[in-house]
Amino acid sequence: MNSNLNLDAPIRSMIVKILSDDCKMGHRFGRSEENDTLFCDLMYIGCDFYDTLAVFASCDAISQQNLIGIINHIPSVLSVDINSDKEIRKMIPHWTSSRYRTASIEDICDRLKQHVQNRDDGVFIYNSNLNTKDKRAYNDMYILIGRNPESYFFDINRKKAFRLSEAKALKAQEDIS
């Protein structure tokens, strides 16, 4: 961090600056190579979960070191059966036909289903209109976080979280027990 930051700068700018710092170089702001508590610290001081998650996602700063803290701070979660195309589609109420979108809505729904069925670990970000030239263009950001065996889907603009599961698989596990 070599350039000065005005103390009147928005907190978002400060967080982006902190997240752009290489945490391997030293233990600053609760961030190190082994552990990252910055997300939890921001939740503690009252930052909005979804705004903070969007900043972390935009900075490619969601990692194995802070994933548990993120999951533990989800305000409320709705469960969705990924075997129901209708339920998956309802999680994504706004999707544009813009050329700046991540993919078609059908492709996004298929990808979500595949990631959950394959129990893929990782962070997957979907944008309905990420027009980098026109900052005023409306964009819906959706984030899928997979952490075996759970998957969470976030609608950032509407501030909603969903736990994605396969109802058939859950039912079979309950029948065995």
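The values are calculated or read from the model by the stated rules, or taken from the named source; none is laboratory data. This is a predicted model, so every value here is computed, not measured. When we count neighbours, we look across all protein chains shown, and the Cβ atoms used for this are built from the backbone with ideal geometry, even at glycine. Areas reflect the complete protein model, heavy atoms only, side chains present, ligands, DNA and RNA absent. Shrake-Rupley method; radii C 1.70, N 1.55, O 1.52, S 1.80 Å.
Looking across segment 71-93, the residues that are in a helix (DSSP H, G or I), closer than 13 Å to F153 by Cβ and in contact (Cβ under 8 Å) with a residue 24 or more places away in the chain come down to I71, I88. Suppose we filter segment 21-54 for residues that are closer than 20 Å to I68 by Cα, among the acidic types (D, E), open to solvent by 70 Å² or more (accessible area, probe 1.4 Å) and modelled with pLDDT under 85; how many remain? The total comes to 2.
I18: open to solvent by less than 50 Å² (accessible area, probe 1.4 Å), without any contact (Cβ under 8 Å) to a residue 24 or more places away in the chain, touching a helix residue (DSSP H, G or I) at 6+ places or on another chain (Cβ under 9 Å) and of a type in the set (A, V, I, L, M), yes or no? Spelling it out, I18 is indeed open to solvent by less than 50 Å² (accessible area, probe 1.4 Å), without any contact (Cβ under 8 Å) to a residue 24 or more places away in the chain, touching a helix residue (DSSP H, G or I) at 6+ places or on another chain (Cβ under 9 Å) and of a type in the set (A, V, I, L, M).
Being over 23 Å from Y152 (Cβ atoms) and open to solvent by 30 Å² or more (accessible area, probe 1.4 Å) is a condition met by no residue of segment 55-64.
Residues that are in contact with a helix residue (DSSP H, G or I) (Cβ under 6 Å, 6 or more places away or on another chain) and either assigned to a loop (DSSP other than H, G, I, E, B) or under 13 Å from A61 (Cβ atoms) (or both) within segment 25-45 comprise F29, G30, R31, S32, E33, F39, L42, listed in sequence order.
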